[in-house]
Amino acid sequence: MTVENQVKMNIVEQFEDIPTTCISDALQGMNNLSSAIQPLKEEYRVAGRAFTVKMPVGDNLVVLKAIREAKPGDVLVIDAKGDTYRAIAGDFIVGMAQTLGIKGIIVDGVIRDVVGIKELNYPVFCKGTTIAASGKAGQGEINVPISCGGVTIQPGDIIVGDADGVTVIPQEAEEEVLKQSIEKADKDIKRAQKVSGNREEILAYLDRFLS
């Protein structure tokens, strides 16, 4: 691994424990995926670099290609055009992604075999579940700019998801966003320690905003 790749990996690791709310604040709320895209379990959390997938509605062969080409530590981010009728994958395909070290799957679309996927205990963020499978005609693209959940995502952008949703950190801004996100998280902790459970501090805090 090159020094440059090691630095990039370290940046991703530093985002792993920062709440998406703090990252969103650092991004001024501009890079959050649609709130319809949610984790299958609230405890799921994921942070990694985007391996992007542009998938035609109802044709998931490109998802298999992405699983084959992605590196361990990547997050599959799939533009499925918001379709909620045909699943981009079921538990068998998701299980393959997990085994190959892909950190999670984010999709503007739906999955199926929801019980089996939950049993994998593997981070999947999607718009819900369906019964219908996709076909495999062979269309689609990988590692290209996509739009997912209303946000433009470039291959290699940092993706962070948790119970509150998913946000995207552009590569060119990742160091500054990390700095501001850490500052926001520290500020929130200090505020809570000072104000929570203290009647006078709560009133003073409210008065500062209401005056």
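Would you mind computing Rg(Cα) / (2.2 N^0.38 Å) for the range 127-200, counting N as its residues? Walk me through the intermediate numbers first.
Details: Rg = 19.3 Å, N = 74, 2.2 N^0.38 = 11.3 Å.
Dividing the Cα radius of gyration by 2.2 N^0.38 Å gives 1.71.
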* So what are the ³J(HN,Hα) numbers for the range 161-170, from phi and the Karplus equation (6.51, -1.76, 1.60; θ = phi - 60°), rounded to whole Hz, Gly and Pro as x? -> x, 8, 4, 7, x, 10, 10, 10, 9, x
* Structure fact -> One would report the Cα pair-distance distribution of the range 80-133, bin width 5 Å, in %, as 4, 23, 35, 24, 11, 2
* Give me the log10 of I(q) over I(0) for the range 1-104 at q = 0.14 Å⁻¹, as the Debye formula computes it from C-alpha points; what are the numbers? -> -0.65
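222 nm [θ] for the chain, helices only, -39500 (n - 2.57) per DSSP H run of 4+, per residue, to 500?
Details: 7 runs with 79 residues, N = 211.
For the chain, the value works out to -11500 deg cm²/dmol.
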* To do: Can you grab the distance from the C-alpha centre of the range 153-182 to the C-alpha centre of the range 92-135, Å, no decimals?
  => 22
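Quick check: net charge around G135, other residues with Cβ under 10 Å of its Cβ, Lys/Arg +1 and Asp/Glu -1? Please list the in-between numbers first.
Working: positive: R86, K136; negative: D59.
My count for the surroundings of G135 gives +1.
Could you tell me the convex hull volume per residue, in Å³, taken over the Cα atoms of the chain?
Details: hull volume 28.3 nm³, N = 211.
Enclosed volume per residue, from the Cα hull, is 134 Å³.
Find the accessible area per residue for the range 144-189; the probe is 1.4 Å, ligands and nucleic acids are left out, and the unit is Å². Mind showing how you got there, number by number?
Numbers: 1990 Å² over 46 residues.
I get 43 Å² per residue for this part.
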* Inter-site label distance for I202 and E175 at 7 Å from Cα along Cβ, in nm -> 4.3
* Could you pull out every residue, at least 5 positions away or on a different chain, whose amide H is within less than 5 Å of the one on D74? Hs are placed 1.01 Å off N in the peptide plane, and Pro or chain starts have none. => K103
* Can you count the Lys pairs in the range 3-122 with C-alpha separation below 21 Å, eight or more apart or on different chains? -> 12
* **Relative contact order of the range 36-162, defined on C-alpha pairs under 8 angstrom at six or more residues apart (%)** => 39
* Structure fact -> Over all Cα pairs of the range 65-176, the Kirkwood radius sets Rh, and Rg/Rh then becomes 0.94
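The values are calculated or read from the model by the stated rules, or taken from the named source; none is laboratory data. Just so it is clear, the model here is predicted, and its values are computed rather than measured. In this analysis, Cβ positions are derived from the backbone assuming ideal geometry, glycine residues included, and neighbour counts consider all displayed protein chains. Remember, those area values only see protein heavy atoms, side chains included, never the ligands or the DNA or RNA. Shrake-Rupley method; radii C 1.70, N 1.55, O 1.52, S 1.80 Å.
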